[in-house]
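Engineer: First, the structure itself, so that you have it in front of you.
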Amino acid sequence: MKKLLLLVTAFLFLTPLAHAAEDTKVVATIKPLHSLVQAVMGDTGTAGLLVDGNASPHGFALKPSQIRMTQNADILFLIDLHFEQFMENVLASAPSVAAVSVVDEGNLTLLELREGGAWEDHGDHDHGHGDKDHKEHSDHKGHSDHSDHADHDEVDLHVWLNTANARDMVQTITKALGSQYPENRSVYKANARALIIKLEALETENQQKLSPYKDKAFIVLHDAYPYFEAENGLTAVGSITIEPDDPPSINRLKEIRQKITETNTVCVFREPQFDDRLVQTAIEGSDARQGTLDPIGANFEPGPDLYLKLMTSLADNFVDCMSQ
Ligand SMILES: [Zn+2]
């Protein structure tokens, strides 16, 4: 009897855990990527998300429950191991998980990191922005688009902030999910088609909203937006810091303040996850205003629509500040 009770207790204890692990077979690292994965999956299942809430992927560390979720997954979607550096150890401990990097597997447009002048030197701050080994990574996949970048040692990895790249990511996701779960292939394809139409509409919409601001200067907290700028014809004149949680030097702030005056900077954009003190200090005594741009979807509920909401709000928040 005692034995039976023990068994029942053990069973009750283990069931919910086993279930959670059983249910989450598809995992994605950051909210925008998770959103695209969930949109392609539709009703066939629920994808797990690692960098949840308003956490930043820069300097992120996995919780034990997230390590378990990853180890129990069939497939994990990430941007690139140089971006989500926190995945490196867990993936080494989970050889059966198919890790799909949308940078490695796809045909994304890749841009080099901006450096020098108003762009803070990257130096040793290689928290996922720097990409010194990119050459090896892309060459063994043999994508011709990547080899264009093979001689550059640093690629900006905020690749998702661009609807053309998002469409390519959707193709990569659809292909990878389809080979993992062939029984759902036609559902994935239909969902992907619907999503791509929405992404195309979003691109046009944002370009129209942003076209009046092509020649206006702005500064960002960290250099997350080159892909967004390229798609919409915008150009940031500088960034305050390379790593949002790594405060800039006094000299750096002086340079930024000078830049604000020289370029007639209209807005300096903070990010919702980080204290606005830096931005306040930078604009003090100038005509520049403080705006907010959110590159990760910090304030949005994860889900299939998050990506569209994130990109719409980027354009809206940009206009909101620049048009005042
Ligand atoms: Zn970043």
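Engineer: Identify the residue in segment 46-79 that is in contact (Cβ under 8 Å) with a residue 40 or more places away in the chain and of a type in the set (Gly, Ala, Ser) and, among all such residues, is nearest to the ligand (Cβ to nearest atom). Spell out the reasoning first.
Structural biologist: Taking segment 46-79 as the starting set, the residues that turn out to be in contact (Cβ under 8 Å) with a residue 40 or more places away in the chain are 49, 51-59, 68-70, 72-79.
Remaining after also requiring of a type in the set (Gly, Ala, Ser): 53, 55-56, 59, 73.
Numbers: 53: 17, 55: 12, 56: 7, 59: 10, 73: 24 Å.
Of everything passing the filter in segment 46-79, 56 is nearest to the ligand (Cβ to nearest atom).
Engineer: A follow-up question, please. Kindly indicate whether residue 81 is under 30 Å from residue 199 (Cα atoms) and modelled with pLDDT of 95 or more. Before you say what the answer is, go through the steps one by one.
Structural biologist: Numbers: under 30 Å from residue 199 (Cα atoms): yes; modelled with pLDDT of 95 or more: no.
Here the answer is no, as residue 81 does not meet what is asked.
Engineer: Here is a follow-up. State which residue is nearest to the ligand (Cβ to nearest atom) when the search covers only segment 240-257 and only residues that are surrounded by fewer than 22 Cβ atoms within 10 Å (Cβ to Cβ) and outside any loop (DSSP other than H, G, I, E, B).
Structural biologist: Per the criteria, the residue is 241.
Engineer: Can you tell me which condition residue 74 does not meet? The list is (1) over 19 Å from residue 241 (Cβ atoms); (2) not assigned by TED's automatic domain parsing to the domain that holds residue 26, and all the others hold.
Structural biologist: Only one criterion in (1) over 19 Å from residue 241 (Cβ atoms); (2) not assigned by TED's automatic domain parsing to the domain that holds residue 26 is unmet by residue 74, namely (2).
Engineer: Take residue 206 and decide whether it is more than 16 Å from the ligand (Cβ to nearest atom) and within 24 Å of residue 164 (Cα to Cα).
Structural biologist: yes
Engineer: Consider segment 297-324. How many of its residues are closer than 30 Å to residue 262 by Cα and hydrophobic (A, V, I, L, M, F, W, C)?
Structural biologist: So the answer is 7.
Engineer: Kindly indicate the residue of segment 215-235 that is modelled with pLDDT of 95 or more and in a loop (DSSP other than H, G, I, E, B) and also nearest to the chain's Cα centre (by Cα) among those meeting that condition.
Structural biologist: Here the residue is 225.
Engineer: Among residues belonging to segment 19-62 that are surrounded by fewer than 18 Cβ atoms within 10 Å (Cβ to Cβ) and among the small types (Gly, Ala, Ser), point out the one that is farthest from residue 78 (Cα to Cα).
Structural biologist: Among those residues, the one meeting the criterion is 20.
The values are calculated or read from the model by the stated rules, or taken from the named source; none is laboratory data. Owing to the predicted nature of the structure, the values given are computational and were not obtained by experimental measurement. Virtual Cβ from ideal backbone geometry, glycine too; neighbours counted across all protein chains shown.
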